[in-house]
């Protein structure tokens, strides 16, 4: 089977993944280096990437949750800070306008701190902290893969 590219992720499993599967195992969904089979989640990177070409796996029986991790939006945080500073600077000239900019700036800072979706973290019961980075699935365009894994483990979706 030939590898097809769909933007930055692989939409079809490369032929070499099939040689690593059990006889009755089937690939259900693919996203980048991640493969959801009917038995487990696999990660297979090229030799020059994060897992150094090693096959990593999490059996579905060990997978306890998939968490969406948010990242702070630094541009929005900076904008909120600038609005608050501007509010303090114009207090002597326009006291009423300045009093409006302070809560607006605070609200913008809150939105920036709340952030935006960053990635999905696949979690097992006692996953060591250093191993977590191998199981971070990019948020953008991973919806089908995450939905497949969530259906298999019985976790409700929160997209």
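The values are calculated or read from the model by the stated rules, or taken from the named source; none is laboratory data. Just so we're clear, the structure is a prediction, and the values are computed from it rather than from any experiment. Heads up, the Cβs are rebuilt from the backbone with ideal geometry, glycines too, and the neighbour counts pull from every protein chain shown.
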Kindly check whether there is at least one residue in the range 110-126 that is within 27 Å of residue 18 (Cβ to Cβ), out of contact with any helix residue (DSSP H, G or I) (no Cβ under 6 Å at 6 or more places or on another chain), assigned by TED's automatic domain parsing to the domain that holds residue 21 and touching a residue at least 60 places away in the same chain (Cβ under 8 Å). yes
Do we find that residue 131 is under 30 Å from residue 29 (Cα atoms), assigned by TED's automatic domain parsing to the domain that holds residue 29 and either in a strand (DSSP E or B) or touching a residue at least 12 places away in the same chain (Cβ under 8 Å) (or both) in this structure? no
Please enumerate the residues belonging to the range 79-109 that are within 29 Å of residue 139 (Cβ to Cβ) and in contact (Cβ under 8 Å) with a residue 24 or more places away in the chain. 79, 80, 81, 83, 105, 106, 107, 108, 109
Within the range 134-159, how many residues turn out to be part of a strand (DSSP E or B) and either crowded, with 17+ Cβ neighbours inside 10 Å or not assigned by TED's automatic domain parsing to the domain that holds residue 32 (or both)? 1
Evaluate the following for residue 154: is it within 16 Å of the chain's Cα centre (by Cα), within 16 Å of residue 36 (Cβ to Cβ) and without any contact (Cβ under 8 Å) to a residue 40 or more places away in the chain? no
